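Colleague: Before I ask anything, here is the structure I am working with.
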Amino acid sequence: MTVITRFAPSPTGRLHVGNIRTALHNWMFARANGGKFVLRIDDTDPERSEERFVDAIRADLDWLGMTPDAEERQSARFALYEARFATLVASGHVYPAYETTQELDLKRKIQAGRGLPPIYDRAALALDDDARAKLEADGVKPHWRFKLDHDAPIAWIDLIRGPQAFEPRTMSDPVVRRADGSWLYMLPSAIDDIDMAITHVVRGEDHVSNTALQLQMFAAMNATAPQFAHEALLTGAEGKLSKRLGSLGVDHFRKVGIEPQAVRALLARIGTSDPVEPIADAAPLIAGFDFARFGRAPARFDEVELAALNARILHALPFEAVAERLPEGMDLAAWEAVRPNLVTLADAADWWGVIEGPVAVEGDIDGEYLDQAFAAAGEIDWSGDPWHALTARLKAETGRKGKALFLPLRLALTGRDHGPDMAALLPLIGHERALERLAVR
Ligand code: GLU
């Protein structure tokens with residue numbers, strides 16, 4: 001069996017961090033099992049679906065390194081839904097219902113008044129042919145419901161949640177198609193999962209009760225259902241479902257300098273029993289991927305944790321991984337020198353500016369000490385380790401040590417009181433520029 005997963009966003013907006021996490025787990029599970037990862041665009045609703053969001057979804061997945069093996073679009077598959085629908089109507093698994101929204105609301109109010117659950121009473125099933133013909137003659141167009149099998153208890157072993165059970169009598173027959181012919185999400189999704197041979201459906205736990213209904217749809221279509229993994233939802237750092245998460249996506253991450261590897265490393269592990277670690281490569285994350293390690297408590301997404309992880313990942317990224325995003329001329333040695341000091345990759349350009357100069361020094365530096373440093377810099381060997389040569393010489397000549405020895409040099413040479421290791425930086429600044437910066441102004 002080839003594992004096939006699908007990520008099925010509706011193109012009605014940008015992906016947010018919750019969607020991205022679901023996509024990631026689908027992608028990782030497929031990769032971990034040598035399987036396929038399908039992007040299925042759930043665009044049955046032409047009113048709300050927009051092409052620009054389809055493009056954005058593709059671009060976001062690309063940026064995150066999760067390019068799908070195939071892409072499908074529900075809007076291109078209406079003929080298949082029509083055919084399966086006709087079969088289900090013919091077999092009595094789907095039936096027409098004529099109630100208006102107002103009538104249904106009223107029924108629910110009456111049920112509530114009697115302390116009963118708001119389950120559809122199947123009045124439409126009780127209509128005889130005459131009654132139905134009259135409604136149709138009056139121009140009432142039906143919507144369509146899937147008839148749950150009340151005698152078939154619903155149960156499955158969820159890969160994350162474990163054994164799940166639902167009693168079909170406690171659920172309303174779901175509407176699968178509206179009176180105007182448009183589709184609700186549930187049936188086309190089940191049809192596609194069958195037709196695309198999806199083996200594992202990985203999605204949020206807000207879909208658990210949909211799964212119960214869809215399991216009966218798979219059975220009605222004589223298909224084996226895929227396996228299901230419903231993940232606990234994402235919450236903000238404070239542990240609450242947060243509105244902000246809905247607006248955090250790839251655009252935001254890029255803007256604040258988050259690398260895709262950091263997003264991946266964090267979202268792969270939060271909500272699992274594995275620690276969040278600065279793992280830039282996908283392979284080790286994929287190798288350890290296991291639904292059994294997912295917890296049932298909400299996963300906490302913390303932007304501060306993401307930023308910290310991002311910095312740690314940057315500190316280990318090889319030059320090749322970032323070369324094309326570095327300033328012109330910045331080479332391997334410069335990358336390795338400044339890398340430990342980066343919070344975001346954009347900071348590399350600042351440090352490159354420090355290396356290349358000019359640098360502006362604020363505050364006073366002891367002129368006499370700088371004279372001594374200028375003289376020493378003219379005499380040391382620049383081909384080896386100029387920083388240690390320079391400071392050893394100045395230490396011997398001036399008796400300075402510690403901060404008094406180092407800080408004025410750092411200030412004069414970089415214009416800053418902190419930064420990358422001077423031993424790595426000074427060879428990059430070089431003899432000539434160092435002398436210029438040490439010359440007393
Ligand atoms: N389009 C559905 C959604 O975004 C897909 C759910 C599913 O994965 O089946 O909620």
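Where a number appears in this text, it was derived from the coordinates with a stated rule and is not lab data. Every value quoted in this text rests on a predicted model; they were computed, and no experiment measured them. Glycine gets a Cβ as well: all are built from the backbone with ideal geometry, and neighbour counts include every protein chain shown.
Colleague: Mind running the shape call on region 1-84? Use the C-alpha gyration tensor, a ≥ b ≥ c as the square roots of the eigenvalues: rounded below 1.5 for a/c, prolate if a/b tops b/c, oblate otherwise. Intermediate results must be reported in sequence, preceding the final value.
Modeller: Values: a/c = 2.36, a/b = 1.21, b/c = 1.95.
Oblate, since a/c reaches 1.5 and b/c is not below a/b.
Colleague: Relative contact order of region 182-331, please, whole-number percent, based on alpha carbon pairs below 8 angstrom and at least 6 residues apart.
Modeller: 22
Colleague: Going highest first, how would you order 212-221, 421-430, 20-29 by mean Cβ packing within 10 Å? The partial results should precede the final answer.
Modeller: Numbers: 212-221: 20.7, 421-430: 18.7, 20-29: 24.5.
So the order, starting with the most tightly packed, is 20-29, 212-221, 421-430.
Colleague: Right, next: Which net charge results for the neighbourhood of Pro153, defined as the other residues with beta-carbon distances under 11 angstrom from its beta-carbon, given Lys and Arg at +1 and Asp and Glu at -1?
Modeller: Net of charged neighbours comes to -2.
Colleague: Which FRET efficiency value, to the nearest 0.05, is calculated for Gln102 and Ala79 with the Förster distance at 30 angstrom and r the Cβ-Cβ distance? Spell out each step's value before the answer.
Modeller: Numbers: r = 34 Å, r/R0 = 1.12.
For Gln102 and Ala79, the calculated efficiency is 0.35.
Colleague: For Asp45 paired with Ala232, estimate the spin-label separation in nm (one decimal), with each label point 7 Å from Cα along the Cα-to-Cβ line.
Modeller: Label at Asp45, label at Ala232, 2.9 nm between them.
Colleague: Assuming R0 = 22 Å, can you tell me the calculated FRET efficiency for the pair Thr87 and Arg58, based on Cβ-Cβ distance, to the nearest 0.05? Don't skip to the answer; put the middle values down first.
Modeller: Values: r = 33 Å, r/R0 = 1.51.
My answer for the efficiency is 0.10.
Colleague: Using 0.36 nm times the number of residues separating Arg325 and Glu379, minus their current alpha carbon distance, what extension gain do you get?
Modeller: On the way: separation 54, 0.36 × 54 = 19.44 nm, distance 3.72 nm.
Length gained between Arg325 and Glu379: 15.7 nm.
Colleague: OK, next. Whole-Hz ³J(HN,Hα) for each residue in region 16-24, computed from phi via Karplus 6.51 cos²θ - 1.76 cosθ + 1.60 with θ = phi - 60°, x for glycine and proline: what do you get?
Modeller: In residue order, the calculated couplings are 10, 4, x, 4, 4, 5, 4, 4, 4 Hz.
Colleague: Karplus couplings for region 353-362 from phi (6.51 cos²θ - 1.76 cosθ + 1.60, θ = phi - 60°), rounded to Hz, Gly and Pro as x?
Modeller: x, 5, 5, 6, x, x, 10, 9, 9, 9
Colleague: Let me have the relative contact order for region 379-424, percent, based on Cα pairs under 8 Å that are six or more residues apart. Before the final figure, lay out each step's value.
Modeller: Values: 21 pairs, mean separation 15.5, N = 46.
Once divided by the residue count of region 379-424, the mean separation gives 34 percent.
Colleague: Rounded, prolate or oblate: pick one for the chain, where a ≥ b ≥ c are the square roots of the eigenvalues of its C-alpha gyration tensor, a/c under 1.5 means rounded, and failing that, prolate if a/b is larger than b/c, else oblate.
Modeller: prolate
Colleague: While we're looking at this one, here's another question. Could you check the spin-label model distance between Ile286 and Glu432? Points 7 Å from the Cα along Cα→Cβ, value in nm.
Modeller: 4.8
Colleague: Could you please report the charge total around Lys403, scoring K, R as +1 and D, E as -1 over all other residues with beta-carbon less than 13 angstrom from its beta-carbon? Each step should come with its number before you reach the end.
Modeller: Numbers: positive: Lys395, Arg400, Lys401, Arg410; negative: Asp366, Asp417.
Spelling it out: positives minus negatives among the neighbours equals +2.
Colleague: What is the local net charge at Asp193, summed over the other residues whose Cβ is closer than 10 Å to its Cβ (Lys, Arg +1; Asp, Glu -1)? Write out the running numbers ahead of the final one.
Modeller: Values: positive: Arg6, Arg40; negative: Asp192, Asp195.
Surrounding charge for Asp193 is 0.
Colleague: Where a ≥ b ≥ c are the square roots of the eigenvalues of the C-alpha gyration tensor, would you call region 253-402 rounded, which needs a/c under 1.5, or, failing that, prolate if a/b is larger than b/c, or oblate?
Modeller: prolate
Colleague: Would you mind getting me the FRET efficiency between Val361 and Asp251? Use the beta-carbon distance for r and R0 = 41 Å, nearest 0.05.
Modeller: Details: r = 38 Å, r/R0 = 0.92.
So the FRET efficiency works out to roughly 0.60.
Colleague: Which order do the peptides 201-211, 246-256 take when ranked by the mean count of other beta-carbon atoms within 10 Å per residue, highest first? Write out the running numbers ahead of the final one.
Modeller: On the way: 201-211: 17.9, 246-256: 16.4.
Ranked by mean Cβ neighbours within 10 Å, highest first: 201-211, 246-256.
Colleague: Oh, and also: Going by amide H atoms built from the backbone, whose H comes under 5 Å of the H on Thr272, apart from near neighbours?
Modeller: Gly295
Colleague: Turning to a different aspect of this structure: Return the long-range amide H neighbours of Ile154 (sequence gap of 5 or more, or a different chain), with a cut-off of under 5 Å between placed amide H atoms.
Modeller: Here the answer is Phe166, since their amide H atoms fall under 5 Å of that of Ile154.
Colleague: Could you give the nm distance between label points at Ala219 and Asp180, where each point is 7 Å from its Cα heading toward the beta carbon?
Modeller: 3.4
Colleague: Counting alpha carbon pairs within less than 8 Å and at least 6 residues apart, what relative contact order, in whole percent, applies to the chain? Intermediate values should be presented prior to the final figure.
Modeller: On the way: 614 pairs, mean separation 57.5, N = 441.
Relative contact order here is 13 percent.
Colleague: OK, next. Going down the table (Lys107/Lys134; Lys36/Lys255; Lys109/Lys141; Lys107/Lys147), which pairs top 26 Å between alpha carbons? Intermediate results must be reported in sequence, preceding the final value.
Modeller: Values: Lys107/Lys134 22 Å; Lys36/Lys255 31 Å; Lys109/Lys141 24 Å; Lys107/Lys147 19 Å.
The pairs that break the limit, which is 26 Å between Cα atoms, are Lys36/Lys255.
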